[in-house]
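The values are calculated or read from the model by the stated rules, or taken from the named source; none is laboratory data. Just so we're clear, the structure is a prediction, and the values are computed from it rather than from any experiment. Because the Cβ atoms are built from the backbone with ideal geometry, glycine has one as well, and the counts that use them run over all protein chains shown.
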Amino acid sequence: MPQTAPSTSPVVELADRFWQWFLSRQPFYATILGDERYDDRLPDPSAAGRAEEVAALEGFLADTERIAPGGLTAEDAITLDMLSVVCRIQLRGYEQHLYQLEAVDQMAGPQSIPGELSRFQRVDSAERVDRLIKRLEAFPAYLAAQRENFEAGRAAGRTAAAPVVARVIEQTRRSVELPIGGEPLLAAHPEFDAATRARITKAVEDHVRPALADFLAALEAYEPAARAGDGLWALDDGDEIYRTLVLASTTLEADPQELHDYGLGQLEAIEQERRGIAAELGFGDVAAMRRALAADPAGRASRGEQIVELARAQIERAMAVAPRYFGRLPRAGCEVREVEPFQAKEAPPAFYFPPASDGSRGGVYYVNTYEPENRPLYRLAATTFHEAVPGHHFQIALEAELDDLPDFRRYGARLVGIAYPEGWGLYSERLADEMGLYATPWERLGMLDAQAWRAARLVVDTGIHAFRWERERSVRLLESIGLTTLEAEAETDRYIAWPAQALAYMTGQREIAALRRELEQRDGASFDLAGFHDAVLGHGTLPLATLRRELPGWVRPRGG
């Protein structure tokens, strides 16, 4: 992984030191970025590991407070701000024992590590295989520490919600019972020679499978203690935890009631747009339009490969017109892959992973092909433009290419919250409409469904965690805005497992769109849309308050 060039700036030195420490503590994050120094390690979720992390974070926070803000460059001031925010949020999470809940998570829990390694750990040499084997040998201790964490949570009355526990048990059981030939670490590498395949098979059978079996047994014992209330409100300190997670996700001290009400207002506005499409297509109302769509077999995939092929064509279409809307395009390409079977049932419809920092791998856009007949094709375009081009791929790949920023800003700024990147992804769905990327009115309907989905997230997430909604109420609302039952159930359980994460999307989009309107009014006919996009993406991930403060000074009128 490239290292930041030496600098006399104390802020850059501190950011570099923090980033190197972070990679050493989160070795799998380093692997995803292509940094192989820690490919033989797993994180340390034990009590001793937490104590070390808390001490280090307190030290970094004290270091930020010792640097006088006066006289700093704009970028150094932003970096210092972000370091402080990251340390404070992570320390609040430790104070509130979030690790006890994070140990039971169907989206990115500890049971998913072997599958994640199959995606990103390089094993194309004997030395790299050796590092993977060491990592697999460390897996039992890692899972044992995670068991201790969720068992401590049970003793303290801080447990995951019942639907989340059920999904993690199901996912772990599938991994335990999977025939060895289907093990992701083997299935992902048909090129292995017999000796390598035998070594990895032995490591899986000796270390991974027994550890997962023990983890599964502990989860089954934990299940009766799962909290009956789906929301954080059911925990004694749930309101405080939710406030911390809202801040961590949105980078704002946002009020749940205001977000809830904004989501309801957006749902009404989007429904008006849907009525316009229904009229355009000759239907009397939205319900008639949806009945016709549901009855059309061409609107659904008959095979998983059809989804992958369509996604690739959508990326090619977006890349062809992107130079009219962006002055700078990322150097890294964007590959489309299917979500692996071990995770597909619980996984979202699509997600994105960044390019490796050494250029060995481009960005990867994963599309979920589980039960393809239940995945409407008309929705895929908006998902592609959000997750890939011009959404996350442009934002994340360009961020990594900002060579004048510290590596913390280029590769780790998402630690400060996801409202900026997810807001950009959602803004990109609307931008794709301006770019003419939706091939049919049906795909535009898919975009509106996606927008309604994110508006509904504001309603559902706050409803579950602040206003005591039950799971079924969330599922019904999501179905009412166009999600299938499969999607509505998976999404609801995602919001239960990841409180406040879903708030980031529309909060970030609202901020970016509001800044664009402000600058369009300021600059009038000389407003430069490509320049605006380059400025939004040209400084990496930012807290929304920082974006609001700094962006107007970065955007210049066309010819200005």
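Summary table below
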{"read-out": "Test for Arg274: is it over 21 Å from Tyr142 (Cα atoms) and of a type in the set (Lys, Arg)", "value": "yes"}
{"read-out": "Test result for Pro184, more than 25 Å from the chain's Cα centre (by Cα) and modelled with pLDDT under 95", "value": "no"}
{"read-out": "Selection count where residues are modelled with pLDDT of 95 or more, β-branched (Val, Ile, Thr) and assigned to a helix (DSSP H, G or I), scope the range 47-78", "value": "2"}
{"read-out": "Qualifying position, being out of contact with any Pro (no Cβ under 7 Å at 6 or more places or on another chain) and not hydrophobic (A, V, I, L, M, F, W, C), among Asp230, Asp237", "value": "Asp237"}
{"read-out": "Residues of the range 144-180 satisfying the condition of being in a helix (DSSP H, G or I) and aliphatic (A, V, I, L, M)", "value": "Ala144, Ala145, Ala152, Ala155, Ala162, Val164, Val165, Ala166, Val168, Ile169, Val176, Ile180"}
{"read-out": "Test: residue in the range 266-287 that is within 27 Å of Ala455 (Cβ to Cβ), over 30 Å from the mean Cα position of the chain (by Cα), part of a helix (DSSP H, G or I) and in contact (Cβ under 8 Å) with a residue 40 or more places away in the chain", "value": "yes"}
{"read-out": "Qualifying residue in the range 16-36 (condition: on the phi > 0 side of the Ramachandran plot, over 21 Å from the mean Cα position of the chain (by Cα) and without any contact (Cβ under 8 Å) to a residue 60 or more places away in the chain)", "value": "no"}
{"read-out": "Some residue of the range 548-560 being buried (at least 18 other Cβ atoms within 10 Å of the Cβ), under 28 Å from Phe408 (Cβ atoms) and either of a type outside the set (S, T, N, Q) or in the same structural domain as Arg290 (by TED's automatic domain parsing) (or both)", "value": "yes"}
{"read-out": "Those residues of the range 93-140 which are small (Gly, Ala, Ser) and under 21 Å from Pro163 (Cα atoms), in sequence order", "value": "Ala103, Ala108, Gly109, Ser112"}
{"read-out": "Test for Ile396: is it more than 26 Å from Glu13 (Cβ to Cβ) and of a type in the set (Val, Ile, Thr)", "value": "no"}
{"read-out": "Segments classed as helices (runs of 4 or more DSSP H), wholly inside the range 314-410, with at least 2 members that are touching a residue at least 12 places away in the same chain (Cβ under 8 Å) and within 26 Å of Phe22 (Cβ to Cβ)", "value": "392-400"}
{"read-out": "Members of the range 445-468 that are surrounded by 22 or more Cβ atoms within 10 Å (Cβ to Cβ) and over 22 Å from the mean Cα position of the chain (by Cα)", "value": "Leu445, Ala466"}
{"read-out": "Answer residue from the range 479-499, given it is among the hydrophobic types (A, V, I, L, M, F, W, C) and farther than 22 Å from Ser428 by Cβ and is surrounded by the fewest Cβ atoms within 10 Å (Cβ to Cβ) among those", "value": "Leu486"}
{"read-out": "His386 surrounded by 17 or more Cβ atoms within 10 Å (Cβ to Cβ), at pLDDT 95 or above and touching a Ser or Thr at 6+ places or on another chain (Cβ under 9 Å)", "value": "yes"}
{"read-out": "Residue identified as part of a helix (DSSP H, G or I) and free of Cβ contacts under 8 Å to residues at least 12 places away in the same chain among Ala455, Ala525, Ala535, Ala504", "value": "Ala525"}
{"read-out": "Residues being out of contact with any helix residue (DSSP H, G or I) (no Cβ under 7 Å at 6 or more places or on another chain) and of a type in the set (A, V, I, L, M, F, W, C) - total across the range 133-155", "value": "5"}
{"read-out": "Qualifying residue in the range 342-359 (condition: at pLDDT below 95, among the small types (Gly, Ala, Ser) and farther than 30 Å from Leu212 by Cα)", "value": "yes"}
{"read-out": "Failed criterion for Ser474 (all others in (1) hydroxyl-bearing (Ser, Thr, Tyr); (2) closer than 25 Å to Pro323 by Cα; (3) in contact with a Phe, Trp or Tyr (Cβ under 8 Å, 6 or more places away or on another chain) hold)", "value": "(2)"}
{"read-out": "Residue within the range 300-322 that is modelled with pLDDT under 95, in contact with a helix residue (DSSP H, G or I) (Cβ under 8 Å, 6 or more places away or on another chain) and either under 30 Å from Arg92 (Cβ atoms) or exposed (fewer than 14 other Cβ atoms within 10 Å of the Cβ) (or both) present", "value": "yes"}
{"read-out": "Within the range 441-489, tally of residues that are among the β-branched types (Val, Ile, Thr) and either modelled with pLDDT of 95 or more or not assigned by TED's automatic domain parsing to the domain that holds Gln272 (or both)", "value": "5"}
{"read-out": "Given (1) touching a helix residue (DSSP H, G or I) at 6+ places or on another chain (Cβ under 8 Å); (2) at pLDDT 95 or above, number of the condition Pro114 does not satisfy", "value": "(2)"}
{"read-out": "Members of the range 91-101 that are touching a residue at least 40 places away in the same chain (Cβ under 8 Å), not hydroxyl-bearing (Ser, Thr, Tyr) and not in a loop (DSSP other than H, G, I, E, B)", "value": "Arg92, Gly93, Gln100, Leu101"}
{"read-out": "Number of the exception - Tyr94 against (1) under 22 Å from the mean Cα position of the chain (by Cα); (2) within 30 Å of Arg361 (Cβ to Cβ); (3) among the aromatic types (Phe, Trp, Tyr)", "value": "(2)"}
{"read-out": "Single condition Val204 does not satisfy, out of (1) outside the structural domain of Tyr94 (by TED's automatic domain parsing); (2) over 22 Å from Thr159 (Cβ atoms); (3) not small (Gly, Ala, Ser)", "value": "(1)"}
{"read-out": "Filter pass, Leu91 being farther than 18 Å from Thr546 by Cβ, modelled with pLDDT of 95 or more and either of a type in the set (A, V, I, L, M) or out of contact with any Leu (no Cβ under 7 Å at 6 or more places or on another chain) (or both)", "value": "yes"}
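Okay, residues lined up against (1) surrounded by fewer than 19 Cβ atoms within 10 Å (Cβ to Cβ); (2) among the hydrophobic types (A, V, I, L, M, F, W, C); (3) farther than 26 Å from Gly93 by Cβ; (4) assigned by TED's automatic domain parsing to the domain that holds Arg361:
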site: Phe18; (1), (2), (3), (4): no, yes, no, no
site: Leu33; (1), (2), (3), (4): no, yes, no, no
site: Ala62; (1), (2), (3), (4): yes, yes, no, no
site: Glu75; (1), (2), (3), (4): no, no, yes, no
